[in-house]
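The values are calculated or read from the model by the stated rules, or taken from the named source; none is laboratory data. These numbers come from a predicted model, not from an experiment. For neighbour counting, all protein chains shown are included, and Cβ atoms are generated from backbone atoms with ideal geometry for every residue, glycine included. Heavy atoms of the whole protein, side chains included, go into the accessibility calculation; ligands, DNA and RNA do not. Shrake-Rupley method; radii C 1.70, N 1.55, O 1.52, S 1.80 Å.
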Amino acid sequence: MKFGTIIAIGGIQLSSAFAPAIIQSPRSPTSLNISLRPLKSIMGIKEKNNSITEKEVRALFDLWNSALATGDSRIVADRYIKNPMLLPTVSDQPRTDFDSVKDYFDSFLLKKPQGTILDGSIHIGDGWASDTGIYEFTLGATGDKVKARYTYNYVQENGQWK
């Protein structure tokens, strides 16, 4: 069983395991709404900024697409988290670490791909975002165009959205 640390400050209890946005003071017969944000600031507790906008989520695709344009599989693989789950568009082998992601892009980048999102839907949660839809790759090596479905799941890793 896990127990959070309880800190009492002037009749207000803060718990590291559970901290509601609005609490009631036990001293008053009427409810007293207090935001914990100012208290956290006074106590020096910094909140992690996990927020991201839809525009910023879409810009993550542009960063990835720009990484493709470099032709360097290391730069592309670095756009993925430490423990990725890449299910490539043109491969049936899941890629679950830096080396296997790089390996996939070693061959895919020879086709000189550039992607364009045709239709996508962005969803944002607490510390995560996803972008799903249909994109089209233009393969610069042949001029071919390939449409495919995509799903990008983003989280912050070391302060960077990937």
Quiz item: Counting only the backbone N, which residues of the stretch 79-107 are under 13 Å from the spot 7 Å out from the Cα of residue 148 toward its beta-carbon?
Solution: 86-95, 104-107
Quiz item: Given Cα pairs under 8 Å that are at least 6 residues apart, what percent is the relative contact order of the stretch 83-162?
Solution: 21 percent
Quiz item: residue 64 to residue 128: extension gain in nm, 0.36 nm per residue of separation minus the Cα-Cα distance?
Solution: 21.3 nm
Quiz item: Ordering 149, 79, 58, 74 by how much accessible area each has at a 1.4 Å probe, largest first, what is the list?
Solution: 149, 74, 58, 79
